Amino acid sequence: MPIDKQEFRRVLSHFAAGVTVVTTVGDDGRPYGLTATAFTSVSIEPPLVLVCVDKGAESHPHFHASRVFAVNFLGADREHLSRRFAVPGGDKFKDLVVDRGVTGAPLLPEALGYLECRTVDIFEGGDHTIFLGQVEAGDARDGEPLLYFRGAYRRMGK
Ligand SMILES: Cc1cc2nc3c(=O)[nH]c(=O)nc-3n(C[C@H](O)[C@H](O)[C@H](O)COP(=O)(O)O)c2cc1C
């Protein structure tokens, strides 16, 4: 018997997560992206990471089709970007300047760090799809991370 859904959510919310914006590119070159905490490193050699994308997300088919994605780590002062990319659909990139990097998936120059990935495998994960990506490039700068814990945005030490 699986855990009750509400209880599962409650317990999960006690796991502090870094906040990312995961992006990809459509067939027509349009940028897509969503706020995601379901990101983890997987392997150093080869360099692999994974992200879990809700099958109901509007951007989901574009992650499937493009087979590329970028993971942008948000800094503590970028809560507004997390909120923007957590709204379904629409043009989340309006008035945002982005770089296209090596895969074409948009990079947010305001991010604390980023990883550019090519999808090497796709797994079923219940109501989410797990995209396993090989990291082709990345960079990071100094700064404090944006965190999400018990349903609220947090900063380190607060
Ligand atoms: C803090 C936070 C973390 C989230 N993490 C994920 C995640 O890991 N995977 C996911 O699919 N959606 C996640 N979401 C929800 C998506 O950001 C949200 O459903 C978004 O509107 C999807 O955009 P789209 O429908 O335009 O693709 C998260 C939302 C918030 C606020």
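Derivation of every value follows stated rules applied to the coordinates shown; laboratory data play no part. What you are looking at is a predicted structure, and each value in this text was computed from that prediction instead of being measured. Glycine gets a Cβ as well: all are built from the backbone with ideal geometry, and neighbour counts include every protein chain shown.
A compact table of results
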quantity	calculated
Qualifying residue in the range 71-78 (condition: of a type in the set (Phe, Trp, Tyr), more than 12 Å from the ligand (Cβ to nearest atom), closer than 26 Å to residue 154 by Cβ and in contact with a strand residue (DSSP E or B) (Cβ under 7 Å, 6 or more places away or on another chain))	yes
Residue match in the range 104-112 (condition: in contact (Cβ under 8 Å) with a residue 40 or more places away in the chain, of a type outside the set (A, V, I, L, M, F, W, C), surrounded by 12 or more Cβ atoms within 10 Å (Cβ to Cβ) and in a loop (DSSP other than H, G, I, E, B))	yes
Members of the range 126-143 that are more than 15 Å from residue 51 (Cα to Cα) and either out of contact with any Gly (no Cβ under 6 Å at 6 or more places or on another chain) or crowded, with 17+ Cβ neighbours inside 10 Å (or both)	136, 137, 138, 139, 141, 142
Residue satisfying all of: in the range 62-103; outside any helix (DSSP H, G or I) and small (Gly, Ala, Ser); farthest from residue 27 (Cα to Cα) among these	76
In the range 81-103, residue surrounded by the fewest Cβ atoms within 10 Å (Cβ to Cβ) [restricted to those that are within 15 Å of the ligand (Cβ to nearest atom) and more than 15 Å from the chain's Cα centre (by Cα)]	94
